[in-house]
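Structure, as structure tokens:
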Amino acid sequence: MFWSVVGYIRIKLTGENIYNFFDECKKQNIRLKNLCCIPDGYCVEVMSAYLKKLLPIAKKYDVNLGIEGRFGLAMKFFIYKNRIAFAVSAALFALLISLNSFFVNNISISGNVYHTQDQIKTILREHGIYKGKFIPFVNPEKTKEKILYSYPGLSWIWINIKGTTAFVDVREKVSKPEFFDKEYPCNIVAKRDGVVIEAISEMGTTYAEVGSYVKKGELLIGGIYDSTEYSPIRLVHAAGRVRARTTYEMSVTFSLSSAGYTLSEKTKNSYGIRFFGNAWEICAPKGKDWVKLSENEKNFSIFGKIYLPLGFTNKKYCEIIRTECIMDKSDAIKAASKELRERLNVCLPQDAQIVDTKETLTENSDGTLTLVATFECVEDIAQELLIELSE
């Protein structure tokens, strides 16, 4: 039974020194089986592993050795290995084709006007629909509800999977343009504290006086005309411009020492595998002293169209070297002052002007410095506030 599994060879022996050949085989513990005499010699069966040992012995004693046949499962596999390999490859190929029918291989998007195809695909990927997704794991109804709940830019979405293609049809929300009725009554109030330097009313009653200090929310131009015995109370849409001196105070704490980073010549590669959207990385460098330089990913496909849920990644990392840098005090103050001015420009209106700047520097106990800047600006502080009418 063992021989029929591992395989054996039937050989024919001819020559004058066959008995010497048998004695040598016995000395080298080469087992010969089913020895039988034939008219011109002998036939014997031997395990295929011993064939290489028999050849030099036969040559030594001038014995002719011929192979009559190969038997056993292992030998059959050796003889028909090309056919078996072809059959196995064909079976694997058929298996891959059948498996790919269970994965999303294409996404067709329609109905989008304001959103690009890539934006819609990003939304779908965040909610579990992408190329290579296992179709039985996709629930179109639940996915649709999650997308509509988490993404207000879409008013409706249809998801239908036919074969290996996910058909997605979207309807986008169109925001209505803001409409402000100029005939609707409103007041002009201050949007921040300041000292009034100019007050011009185009419509309404002016309450702001030049040189007066007003607080945020205080009435500057009223849209209500008081009634007299000749005319009833009248409401208008107040309009005008009120320029005032305003004050902004900002601070920043900084240190003269800062960390600098440079890339060394030491690099390291890591390899990973992606399967069903999950990724595993092998040999990735540990710690914060490495930065990723590049990443390449190879996805497998059949005929360039059918994507398999399997891919390999190759990432390249470089070691970073941290160094301590000491800045000049004047340069550090200039950098902090520039940062504060940039922060101010973000929150200032476009027509505002900076007329004066005062800076105060304080040294802290921990060695850091704090720069406090007070900016005096001139800007229009007028802001419309609708007058609510009770029925």
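The values are calculated or read from the model by the stated rules, or taken from the named source; none is laboratory data. As the structure is a computational prediction, the values presented were derived from the model and not from experiment. Because the Cβ atoms are built from the backbone with ideal geometry, glycine has one as well, and the counts that use them run over all protein chains shown. Protein only, heavy atoms only, side chains kept; ligands, DNA and RNA dropped before computing areas. Shrake-Rupley method; radii C 1.70, N 1.55, O 1.52, S 1.80 Å.
Remarks
- Ordering of 373-381, 32-40 by burial proxy (mean other Cβ atoms within 10 Å per residue, highest first): 373-381, 32-40
- Difference of contour (0.36 nm per residue) and Cα-Cα distance, TYR149 to ASP193: 11.7 nm
- Length gained on full extension, LYS268 to SER337: 20.7 nm, using 0.36 nm per residue less the C-alpha separation.
- ARG234 accessible area, assembled protein chains, probe 1.4 Å, Å²: 130
- Straightening the chain between ASP169 and GLU218 buys 12.5 nm, computed as 0.36 nm per residue apart minus the Cα-Cα spacing.
- In order along segment 107-115, phi translates into HN-Hα couplings of 10, 9, 10, 9, x, 7, 10, 8, 9 Hz, rounded to whole numbers, per the Karplus curve 6.51 cos²θ - 1.76 cosθ + 1.60 with θ = phi - 60° and x for Gly and Pro.
- Modelled spin-label separation between LEU92 and ILE135, with each label point placed 7 Å from Cα along the Cα-to-Cβ direction: 2.5 nm.
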